[in-house]
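Participant: Structure in structure tokens, see below.
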Amino acid sequence: MISRNQQLFELSQKYIPGGVNSPVRAFKSVGGTPVFFRRGQGAYVWDADNRTYIDYVGSWGPLILGHAHPEVIAAVLAAAHNGLTFGAPTEAELEMAKLLCGLLPSIEQVRLVSSGTEATMSAIRVARGYTGRNRIIKFEGCYHGHDDALLVKAGSGALTFGHPSSAGVPDGTTSATLVLDYNNLDSLEQAFSRFGQEIAAVIVEPVAGNMNLITPKLGFLSTLRNLCTRHGTMLIFDEVMSGFRVGLECAQGLYGIKPDLTTLGKVIGGGMPMAAFGGRRDIMQCLAPIGPVYQAGTLSGNPVAVAAGLATLRLVQAPGFYEKLAASTRRLMEGLTKTAEKHGIVFCAQQVGGMFGLYFREHLPTSYAEVMDCNRDAFNRFFHAMLQEGVYFAPSAFEAGFVSAAHGDDEIGKTLAAAERVFGSWK
Ligand SMILES: *Cc1c(COP(=O)(O)O)cnc(C)c1O
């Protein structure tokens with residue numbers, strides 16, 4: 001019998017390209033039929049066939065409180081009753097801006113937008129406008145949304161500018177983007193000694209979560225900070241994923257580095273479409289209506305989205321919130337690692353706060369090339385076996401995973417018991 005999930009996927013492919021509204025949802029990397037969700041509550045989601053899963057995707061990061069947290073839902077409903085959108089300033093936006101500036105010392109002014117892509121695109125534009133330079137640096141494997149200038153792969157030589165990684169992106173748009181290796185200090189020093197005075201900005205995920213999970217090596221972020229300062233280059237921390245996910249002070253607080261600009265998204269919207277970019281006042285003052293850099297949005301600072309974000313950011317400030325989140329995540333990582341080891345499976349895992357990486361390889365990867373070297377067949381097998389067991393991990397070996405505050409001992413215990421069955425019958 002054909003399942004409801006299969007039925008929906010087949011129909012969706014007729015009306016939506018690939019059947020999905022964002023590519024990774026299509027299960028292309030792991031194969032099989034994507035799960036259509038109909039409901040979420042806490043750590044759990046229910047699919048179209050009414051199967052239950054423990055969810056470690058959390059909508060790719062936003063749901064740090066789990067699904068449908070009652071206080072977030074109440075805030076959203078209350079805001080909606082007062083009108084969905086005005087296209088005019090509201091007091092709640094001021095509250096959000098004050099909160100973000102208060103929580104992150106690097107942010108003196110902030111502007112709200114509707115997606116992470118908009119935030120990074122705008123941050124780069126304002127960095128270019130402020131410096132009057134065109135060139136930017138990004139790192140291979142870091143994802144900053146689908147802005148043209150950032151859909152770029154490395155050029156053929158070590159220090160050649162990039163080529164589009166997507167059709168439909170003009171060469172001219174990416175030819176000012178230099179793509180370097182994450183965690184590689186030598187190439188960074190070389191790039192700055194060669195092009196330093198021409199580089200408007202370096203954009204980096206201070207904890208990389210879009211090539212599985214890669215942590216910054218000791219000295220990587222501080223060297224980056226020093227080089228940017230010395231050359232008048234803007235350092236942009238893309239914390240759309242790591243922001244309020246690795247801790248209340250975000251990755252910049254965790255590693256003690258102050259960027260010039262920060263992009264936020266995911267958690268700060270509490271599951272609604274909201275993101276932000278902010279930083280030094282003198283840079284942010286370049287934005288219209290006071291400065292020459294144009295940036296705008298009909299739904300920017302949307303009251304319903306801001307309400308969800310404010311409710312979420314209120315709850316994550318509870319004492320001990322991040323300690324507990326990190327402890328649950330640690331229990332999951334240690335449990336999975338032990339189980340794999342017991343059954344002789346090549347596997348390792350790590351976490352930063354409430355985000356984690358699982359790798360079917362001997363050692364923790366430190367670069368895109370090393371992540372690419374993971375055993376994908378093993379991951380895909382693990383993914384499908386865990387899905388059968390009612391555990392939903394990201395449907396790709398190259399995405400980070402997320403634990404929420406709703407994942408308690410019970411959910412972690414059930415996940416580890418499922419992993420024991422999966423790894424126990426591996427051979
Ligand atoms: C998700 C993500 C983005 C893009 O955000 P969208 O809301 O999907 O446009 C940008 N940067 C990072 C680091 C992300 O994880």
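The values are calculated or read from the model by the stated rules, or taken from the named source; none is laboratory data. The structure displayed is predicted, hence computed values, not measured ones. A quick note on method: Cβ atoms are made from the backbone with ideal geometry, for glycine too, and the neighbour counts reach across all protein chains shown. These accessible areas exclude ligands, DNA and RNA; they are computed on the full protein's heavy atoms, side chains included. Shrake-Rupley method; radii C 1.70, N 1.55, O 1.52, S 1.80 Å.
Participant: Residues of the range 75-93 being among the aliphatic types (A, V, I, L, M), assigned to a helix (DSSP H, G or I) and out of contact with any Leu (no Cβ under 8 Å at 6 or more places or on another chain), which ones?
Facilitator: Narrowing the range 75-93 to residues among the aliphatic types (A, V, I, L, M): 75-80, 84, 88, 92.
Subsequent filtering for residues that are assigned to a helix (DSSP H, G or I) retains 75-80, 92.
Listed by number, the residues that qualify are V76, L77, A78, A79, A80.
Participant: Is there a residue in the range 281-291 that is in the same structural domain as V204 (by TED's automatic domain parsing), more than 25 Å from L224 (Cα to Cα) and under 20 Å from the mean Cα position of the chain (by Cα)?
Facilitator: No, that holds for no residue.
Participant: Next question, about the same structure. Counting only residues that are surrounded by 19 or more Cβ atoms within 10 Å (Cβ to Cβ) and either part of a helix (DSSP H, G or I) or not assigned by TED's automatic domain parsing to the domain that holds A119 (or both), which one in the range 232-253 is farthest from the ligand (Cβ to nearest atom)? Lay out the reasoning, then the answer.
Facilitator: Initially, the range 232-253 is screened for residues surrounded by 19 or more Cβ atoms within 10 Å (Cβ to Cβ), giving 233-247, 250-252.
Those left that are additionally either part of a helix (DSSP H, G or I) or not assigned by TED's automatic domain parsing to the domain that holds A119 (or both): 250-252.
Working: C250: 12, A251: 10, Q252: 13 Å.
Out of the qualifying residues, it is Q252.
Participant: Any idea which of (1) surrounded by fewer than 18 Cβ atoms within 10 Å (Cβ to Cβ); (2) assigned by TED's automatic domain parsing to the domain that holds L235; (3) within 18 Å of R245 (Cα to Cα); (4) of a type in the set (A, V, I, L, M) is the one A327 doesn't satisfy?
Facilitator: Every condition holds for A327 apart from (2).
Participant: Kindly evaluate S122 against the criterion of being within 16 Å of the ligand (Cβ to nearest atom) and surrounded by fewer than 20 Cβ atoms within 10 Å (Cβ to Cβ).
Facilitator: Details: within 16 Å of the ligand (Cβ to nearest atom): yes; surrounded by fewer than 20 Cβ atoms within 10 Å (Cβ to Cβ): no.
Judged against the criteria, S122 is not a match.
Participant: Considering each of K258, K266 in turn, give the residue that is in contact (Cβ under 8 Å) with a residue 40 or more places away in the chain and either within 20 Å of V57 (Cα to Cα) or outside the structural domain of G87 (by TED's automatic domain parsing) (or both). I'd like the intermediate steps shown before the answer.
Facilitator: On the way: K258 fails: either within 20 Å of V57 (Cα to Cα) or outside the structural domain of G87 (by TED's automatic domain parsing) (or both).
Among K258, K266, only K266 is in contact (Cβ under 8 Å) with a residue 40 or more places away in the chain and either within 20 Å of V57 (Cα to Cα) or outside the structural domain of G87 (by TED's automatic domain parsing) (or both).
Participant: Here's another thing I want to ask about it. Which one of the conditions (1) open to solvent by 60 Å² or more (accessible area, probe 1.4 Å); (2) within 16 Å of the ligand (Cβ to nearest atom); (3) charged (D, E, K, R) does D147 fail to meet, given that it meets all the rest?
Facilitator: (1)
Participant: Is the range 199-219 home to any residue that is open to solvent by less than 10 Å² (accessible area, probe 1.4 Å) and either in a helix (DSSP H, G or I) or not assigned by TED's automatic domain parsing to the domain that holds H146 (or both)?
Facilitator: Taking every residue of the range 199-219 in turn, none turns out to be open to solvent by less than 10 Å² (accessible area, probe 1.4 Å) and either in a helix (DSSP H, G or I) or not assigned by TED's automatic domain parsing to the domain that holds H146 (or both).
Participant: Hey, another quick one. Give me the strands (runs of 3 or more DSSP E) completely within the range 1-64, filtered to those with at least 3 residues that are open to solvent by 70 Å² or more (accessible area, probe 1.4 Å) and within 25 Å of V403 (Cβ to Cβ), ordered by residue number. Can you show your working first?
Facilitator: On the way: elements: 37-41, 44-47, 52-55.
In the range 1-64, 37-41 are the strands (runs of 3 or more DSSP E) which contain 3 or more residues that are open to solvent by 70 Å² or more (accessible area, probe 1.4 Å) and within 25 Å of V403 (Cβ to Cβ).
Participant: Hey, does the range 264-279 have a residue that's β-branched (V, I, T), within 12 Å of the ligand (Cβ to nearest atom) and surrounded by 15 or more Cβ atoms within 10 Å (Cβ to Cβ)?
Facilitator: Yes, the conditions are met somewhere in the range 264-279.
Participant: Turning to a different aspect of this structure: What's the number of the only condition in (1) open to solvent by 40 Å² or more (accessible area, probe 1.4 Å); (2) touching a residue at least 60 places away in the same chain (Cβ under 8 Å); (3) within 22 Å of G145 (Cβ to Cβ) that A296 fails to meet?
Facilitator: Every listed condition holds for A296 apart from (2).
Participant: Scan P105, P89 and give me the residue that is touching a Lys or Arg at 6+ places or on another chain (Cβ under 8 Å) and in the same structural domain as D260 (by TED's automatic domain parsing).
Facilitator: Working: P89 fails: touching a Lys or Arg at 6+ places or on another chain (Cβ under 8 Å).
One residue alone meets the criteria, P105.
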